[in-house]
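One structure is given below, encoded as structure tokens.
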Amino acid sequence: MAEEAGVIVDTEGFLNAMEEQKRRSREARRAAKLAGGAGQVLELIAEQTAFLADEGVEATDDEFKYEWDVGTSATVKAVFTSDGFLGADDEAAEGESVGLVLDRTSFYAEAGGQESDLGTIEILTSDGEIAGKFVVNDVQSYGAYILHTGILASGSLQAGSSVTCRVDYDRRRSVAPNHSMTHVLNAALRKVLGDTVEQRGSLCNDEKLRFDFSHKKAMTAKQLRSTEEYCKAAVENAEPVTAAVMPLDEAKEIDGVRAVFGEVYPDPVRVVSVGEETSVEFCGG
Ligand SMILES: [Zn+2]
């Protein structure tokens, strides 16, 4: 349509701008969250992830993130501060705001619009006794590494410390349904408004969900009602949510599968379904 009017659409530029906008809004949210819960924004830039790789730190194993009610044993691989990584003999002290890179984690890092898990990381003595507590305020992934940012509430820790991940699963139980419902809402909008509806973003936490989409005009009251009914039916029928990891090529062939335009999905990709045919969608989260 734009071409007909003699306008050239810069698709790549548009996607880059979208990425940039998403990054900015993510950062603003994180800053607001951390300002409320004390602590500072710590993030790893390429130079720092390269440093970790050079030091021989392996990618964080996060396969436990989809498990529920588990306490995951892990080892601290690096302690990150606003002045960079602590040396091998340096300890983080009580009250300090730091970021931890672990060898493995059961914390869900922010992805697919879903906010990160919160919880605590228990610090253990060599005998396995609890010697301290780290309060996790935010979890983000940077390339191969997952950074748990928070405050050392008690005890001390350093690279090599043994810890146990204690995700706040009660909170996650409030977050996960909101994420599932963004999938249902996505399917509902496509059913009601047609195939041209595209997801533009989403946010879900323990209080709410927000779903951004493109549509050329305002929805009518009837369309809103139909969308609501579709979503309500999924809840009332208690439709099961299932997930499968499959090769990207194969997943793309699934009838009616939804994906976000411009989003790069990993291969294999995680496909989340709600009910028999309520929703089937690629999920980055
Ligand atoms: Zn999702």
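The values are calculated or read from the model by the stated rules, or taken from the named source; none is laboratory data. Everything quoted here is computed from the prediction, not taken from an experiment. Positions of Cβ are generated from backbone atoms using ideal geometry, with glycine treated the same way; all protein chains shown enter the neighbour counts. Surface accessibility is based on the protein's heavy atoms, side chains included, excluding ligands, DNA and RNA. Shrake-Rupley method; radii C 1.70, N 1.55, O 1.52, S 1.80 Å.
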Exercise for the section: Report residue 141's accessible area, 1.4 Å probe, all protein chains in place, as a number in Å² to the nearest 10. Expected result: 60 Å²
Exercise for the section: Amide H neighbours of residue 77 under 5 Å, at least 5 residues apart or on other chains, H built in the peptide plane: list them. Expected result: 101, 102, 103, 160
Exercise for the section: State which stretch of the chain is the longest one without any exposed trypsin sites (Lys or Arg not before Pro), exposure meaning a DSSP loop state and at most 11 other Cβ atoms within 10 Å. Expected result: 1-207
Exercise for the section: For the chain, report the accessible area per residue in Å² (1.4 Å probe, heavy atoms, rounded to an integer). Expected result: 54 Å²
Handout entry: Helix 11-36 axis, angle to the chain major axis (alpha carbon atoms, nearest 10°)
Key = 50 degrees
Completion exercise
Summing -39500 (n - 2.57) over every DSSP H run of at least 4 residues in the chain and dividing by its residue count gives a helix-only mean residue ellipticity at 222 nm, to the nearest 500 deg cm²/dmol, of -9500 deg cm²/dmol
Exercise for the section: Can you grab the distance from the C-alpha centre of region 88-144 to the C-alpha centre of region 250-285, Å, no decimals? Expected result: 30 Å
Handout entry: Under the Karplus curve 6.51 cos²θ - 1.76 cosθ + 1.60, θ = phi - 60°, whole-Hz ³J(HN,Hα) for region 101-118, x wherever Gly or Pro sits
Key = 9, 10, 6, 8, 8, 9, 6, 8, 6, 3, 6, x, x, 8, 5, 5, 5, 10
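Given the chain, what percent of its DSSP beta bridges are antiparallel, to the nearest 5?
Once the DSSP bridges in the chain are tallied, antiparallel ones form about 95 percent.
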Problem - Calculated from backbone phi, Karplus (6.51, -1.76, 1.60) coupling profile of region 40-55 in Hz, x at Gly/Pro - result: 10, 7, 10, 9, 8, 9, 3, 4, 6, 5, 5, 4, 4, 4, 4, 6
Exercise for the section: Please arrange 213, 107 by accessible surface area, largest first, computed with a 1.4 Å probe and ligands excluded. Expected result: 213, 107
Problem - Selected from 242, 164, 60 as most flexible by GNM, with the chain as the system and alpha-carbon contacts under 10 Å - result: 242
Problem - Cα-centre dipole for the chain with unit charges at Cβ (Lys and Arg positive, Asp and Glu negative), debye to 20 - result: 1400 debye
Problem - Local electrostatic count at residue 282 - Lys and Arg +1, Asp and Glu -1, tallied over other residues with Cβ under 15 Å - result: -4
Handout entry: Length-normalised contact order for region 146-213 - Cα pairs under 8 Å, 6+ apart - percent
Key = 30 percent
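To the nearest 20 Debye, how big is the dipole of region 173-282 about its Cα centre, given +1 on the beta carbon of each Lys and Arg and -1 on that of each Asp and Glu?
So the dipole magnitude of region 173-282 works out to roughly 600 debye.
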Fill in the blank from the handout: Scalar couplings 3J(HN,Hα) for region 149-164 by Karplus 6.51 cos²θ - 1.76 cosθ + 1.60 (θ = phi - 60°), nearest whole Hz, x for Gly and Pro, are 9, x, 10, 7, 6, 7, x, 9, 8, 7, 4, x, 4, 8, 9, 10
Practice task
Ignoring everything but the protein chains, give the 1.4 Å probe accessible area of residue 130 in square angstrom, nearest 10.
Solution key: 110 Å²
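Before anything else, pin down the relative contact order of region 37-167: Cα pairs under 8 Å, at least 6 apart, normalised by residue count, whole percent.
Values: 316 pairs, mean separation 42.9, N = 131.
About 33 percent, as a whole number.
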Problem - Placed amide H near residue 138: partners under 5 Å, 5+ positions off or other chain - result: 149
Exercise for the section: Before anything else, pin down the relative contact order of the chain: Cα pairs under 8 Å, at least 6 apart, normalised by residue count, whole percent. Expected result: 15 percent
Fill in the blank from the handout: Connecting every pair of Cα atoms under 10 Å apart in the chain and solving the GNM, the largest mean-square fluctuation among 215, 183, 148 falls on 215
Problem - Highest-MSF residue in the chain out of 92, 244, 234 [GNM, Cα springs under 10 Å] - result: 244
Practice task
Kindly report, to the nearest 10 Å², the accessible surface of residue 245 as traced by a 1.4 Å probe over protein heavy atoms only.
Solution key: 100 Å²
